[in-house]
1. For an R0 of 30 angstrom, estimate the FRET efficiency from the Cβ-Cβ distance between residue 135 and residue 32 and round to the nearest 0.05.
2. Evaluate the Kirkwood expression for the hydrodynamic radius of the range 31-122, namely the inverse of the mean inverse distance over all pairs of different C-alpha atoms, and round to one decimal in Å.
3. Listing 69, 24, 2 from the residue with the fewest other Cβ atoms within 10 Å to the one with the most, what is the order?
4. Would you mind ranking 74, 125 by Cβ crowding within 10 Å, fewest neighbours first?
5. How much length, in nm to one decimal, is gained on full extension between residue 1 and residue 127, taken as 0.36 nm per residue of separation minus their Cα-Cα distance?
6. Please order 55, 32, 7 by the number of other Cβ within 10 Å, starting at the fewest.
7. Looking at [x] 45, 40, 28; [y] 51, 51, 27; [z] 62, 33, 25, which value of Cα extents along the principal axes in Å comes from a calculation on the structure shown?
8. Summing -39500 (n - 2.57) over the DSSP H runs of n ≥ 4 in the chain and dividing by its residue number, what mean residue ellipticity at 222 nm do you reach, to the nearest 500 deg cm²/dmol?
């Protein structure tokens with residue numbers, strides 16, 4: 001099963017148009033005292049994953065350590081995250097969402113949900129669920145090539161274990 005070139009071209013255009021529309025909505029309708037897109041992404045990641053190393057956060061969101069360090073310093077200065085040395089490796093830093101950060105993130109998500117409700121006022125629940133399923137599948141397809149690979153996979157080895165081969 002293959003997707004035709006014209007369909008792919010139209011899909012790429014629509015994905016980028018959607019991204020620009022979402023970014024425009026976020027930029028133009030975000031209160032000036034609210035964290036920006038990048039900061040909200042970090043807060044959401046910490047809410048989802050809990051306390052983790054700064055290096056893991058950087059790898060997950062696809063930024064370098066210095067860029068993340070600046071963003072974390074800004075979030076820390078606003079009291080939205082808490083940082084502490086990793087007890088296993090004192091050179092590493094553990095980051096977690098602060099209580100204030102959790103509250104700020106919840107307020108942002110409620111505001112976004114309210115705006116989405118306005119924009120999709122003429123959609124049925126079924127239409128919204130269908131769109132959600134498609135967006136989730138598209139997101140998974142886009143994220144899969146970026147997933148961390150084991151050293152063996154990086155050198156061309158089959159990622160399945162010997163146990164999996166034995167059961168085939």
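1. Working: r = 29 Å, r/R0 = 0.96.
After rounding to 0.05, the efficiency reads 0.55.
2. Working: mean 1/r = 0.0720 Å⁻¹.
Computed over Cα pairs of the range 31-122, the Kirkwood hydrodynamic radius comes out at 13.9 Å.
3. Values: 69 14, 24 10, 2 6.
Ranking 69, 24, 2 by Cβ neighbours within 10 Å, fewest first, gives 2, 24, 69.
4. Values: 74 16, 125 7.
Listing 74, 125 from fewest to most nearby Cβ atoms yields 125, 74.
5. Details: separation 126, 0.36 × 126 = 45.36 nm, distance 2.54 nm.
Computed gain between residue 1 and residue 127 is 42.8 nm.
6. 32, 7, 55
7. The value computed from this structure is option [y].
8. Values: 8 runs with 107 residues, N = 168.
Mean residue ellipticity, 222 nm, calculated: -20500 deg cm²/dmol.
Laboratory data are not the source of any read-out in this text; all were calculated from the coordinates shown. Everything numeric here is computed off the predicted structure, so don't read it as measured data. Neighbour counts are summed over all protein chains in view; Cβ atoms, including those assigned to glycine, are modelled from backbone coordinates with ideal geometry.
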